[in-house]
Amino acid sequence: MMYILDDSLAVFGLPVSSVISAASLVREEVIQPLGWVMGGITLAGLGVNYLVARANAVKRKEMKRHEVVKYTGPVRILHWVHTAAFVTLFLTGLVLFIPPLGFLAADSLTRIIHRVAAVLFVAGPLVHLVADWKRSWRGVGIAFIWGSEDIEWLRAAPRYYFTGEEESMPPQGSMNTGQKMWWFITLLSGVVFVITGFIMWFFKTSAPVELLQWMVLLHDISFIVSGTMLFVHIYLGVFHPVMTEAWRSMASGKISAEYAESHHAKWYREISGTEEGKPGGTGNKNNKGSGAG
Ligand code: HEM
Ligand code: HEM
């Protein structure tokens, strides 16, 4: 008996087989419908959040004081190169993930583009790692080092992101807890993508079919998790009413001292030399960015 998985494997050139492993069943019955549900719930949730947060948004005073560097040039280049690769991989993967779109992959052009983007996806971070391994490792460390302030942040965040109420938000470092979580997802899913994608790419004729089916399943899970969280990331970076300078930080690299003080108080104190309870320092114009990423 041919299971539908076999058809989709045929579309992207993996061997056709009648083996129906647990992986193929889970992918077909659970993971594919889950992709729709998670994507739909995430987008609907972001829409509701936008309407509520916009209604509660307090018009902020114009930012007048000087600016501080949030993301250095190399970090921003890495971010946008990686984004280009990721979005290309997302779209060319989507046509394989959604069976009715499979015909778009039939001439294999999208599969070739997927591979070219995969090389960029791996090369970008590797170049950055080699060029500035100290800051890169520091950035990786941020995703894994959690303290009590992160738990406090998780408790206070829903109120903050819906009503804009800042009082219970603990002071944050260069990355707040939500950003750390995104960074963590990015790292973890990146490793899963690389391992599973590598096996599907180079061992599709020699690896056991069941193993390939497990690789497709894990690749799909990473796709759903990182893809839906990317919607959240884009929404917070570009559209959320309280994240007024997030986009600027990744476009020009700079944010106002006020924004740094209210969103990343701990980090701002470090770079500006101001003490807790004495906000409003002049800041150090030679700061070297957050070092994240
Ligand atoms: C190093 C990175 C990656 C490599 C080497 C890689 C490689 C592959 C390969 C070889 C396939 C099988 C299809 C084919 O032969 O054309 C595949 C499928 C797929 N890839 Fe990737 N990929 C990578 C990253 C990504 C990323 C970042 C995403 C999405 C954000 C993604 C989404 C998908 C999807 C959805 C499929 C279809 C799986 C299915 O049929 O259910 N891939 N990838
Ligand atoms: C069109 C897509 C994207 C947009 C518009 C976007 C936008 C942004 C913005 C505005 C920031 C600065 C946020 C701040 O510091 O307040 C940021 C940071 C960041 N982005 Fe993206 N981004 C995109 C795609 C991606 C992708 C695909 C990845 C990784 C796979 C990624 C990883 C990160 C990381 C790790 C940070 C630093 C931590 C954080 O702020 O969350 N971004 N992005």
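Output the residues belonging to region 203-218 that are within 11 Å of ligand 1 (Cβ to nearest atom) and in contact (Cβ under 8 Å) with a residue 60 or more places away in the chain. Can you show your working first?
If we filter region 203-218 for residues that are within 11 Å of ligand 1 (Cβ to nearest atom), which is where we start, we get 203-204, 212-213, 215-218.
Result: Lys204, Leu212, Gln213, Val216, Leu217.
Can you spot a residue in region 189-210 that is under 12 Å from the mean Cα position of the chain (by Cα), in a helix (DSSP H, G or I) and closer than 20 Å to Leu120 by Cβ? Yes, the conditions are met somewhere in region 189-210.
Within region 257-271, being crowded, with 21+ Cβ neighbours inside 10 Å and either among the small types (Gly, Ala, Ser) or near ligand 2 (Cβ under 10 Å from one of its atoms) (or both) holds for Ala257, Tyr259, Ala260, His263, His264. Against the condition more than 30 Å from Leu212 (Cα to Cα) and surrounded by fewer than 12 Cβ atoms within 10 Å (Cβ to Cβ), how does Ala57 come out, does it pass? The answer is no for Ala57. In region 150-178, of all residues being part of a helix (DSSP H, G or I) and touching a residue at least 40 places away in the same chain (Cβ under 8 Å), the one that is nearest to Ala123 (Cα to Cα) corresponds to Gly178.
Restrict the check to region 128-135 and report whether at least one residue is within 16 Å of ligand 1 (Cβ to nearest atom) and part of a helix (DSSP H, G or I). Taking every residue of region 128-135 in turn, at least one turns out to be within 16 Å of ligand 1 (Cβ to nearest atom) and part of a helix (DSSP H, G or I). Within region 23-43, residues that are in contact (Cβ under 8 Å) with a residue 12 or more places away in the chain and over 13 Å from Ile98 (Cβ atoms) reach partners that are among the polar types (S, T, N, Q) and in a helix (DSSP H, G or I) with beta carbons closer than 6 Å, at six or more positions or on different chains, in the pairs Ala23/Gln213; Ser24/Gln213; Met38/Thr228; Thr42/Thr228.
Mind checking whether some residue in region 112-125 is without any contact (Cβ under 8 Å) to a residue 40 or more places away in the chain and more than 17 Å from Phe86 (Cβ to Cβ)?
Taking region 112-125 and keeping what is without any contact (Cβ under 8 Å) to a residue 40 or more places away in the chain, we get 112-114, 116-117, 119-120, 123.
Restricting the remaining residues to those that are more than 17 Å from Phe86 (Cβ to Cβ) gives 112.
Yes - at least one qualifying residue is present in region 112-125.
What are the pairs, 6+ residues apart or on separate chains, where a residue within region 226-246 that is among the aliphatic types (A, V, I, L, M) has its Cβ under 6 Å from a residue that is assigned to a helix (DSSP H, G or I)? The qualifying pairs are Met229/Ile185; Val238/Trp247; Met243/Leu236; Ala246/Gly237. The set of residues from region 79-111 being more than 13 Å from ligand 2 (Cβ to nearest atom) and either among the polar types (S, T, N, Q) or not in a helix (DSSP H, G or I) (or both) comprises Thr92, Ile98, Ala106, Asp107, Ser108, Thr110.
Per-residue answers, yes or no, for (1) of a type outside the set (A, V, I, L, M, F, W, C); (2) touching a helix residue (DSSP H, G or I) at 6+ places or on another chain (Cβ under 9 Å); (3) away from ligand 1 (no atom under 16 Å from the Cβ):
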| position | (1), (2), (3) |
| --- | --- |
| Ser174 | yes, yes, yes |
| Gly190 | yes, yes, no |
| Trp201 | no, yes, no |
| Ile221 | no, yes, no |
| Gly227 | yes, yes, no |
| Phe231 | no, yes, no |
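A quick yes/no check of all residues on (1) among the hydroxyl-bearing types (Ser, Thr, Tyr); (2) modelled with pLDDT of 95 or more:
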{"site": "Trp182", "(1), (2)": "no, yes"}
{"site": "Ile195", "(1), (2)": "no, yes"}
{"site": "Phe198", "(1), (2)": "no, yes"}
{"site": "Thr205", "(1), (2)": "yes, no"}
{"site": "Leu211", "(1), (2)": "no, no"}
{"site": "Phe223", "(1), (2)": "no, yes"}
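A residue that is of a type in the set (Lys, Arg) and modelled with pLDDT under 85 occurs nowhere in region 41-55.
The values are calculated or read from the model by the stated rules, or taken from the named source; none is laboratory data. Note that the structure is predicted; figures quoted are calculated from it, not measured. Quick reminder, even Gly has a Cβ in these numbers, built from the backbone with ideal geometry, and neighbours come from all protein chains shown.
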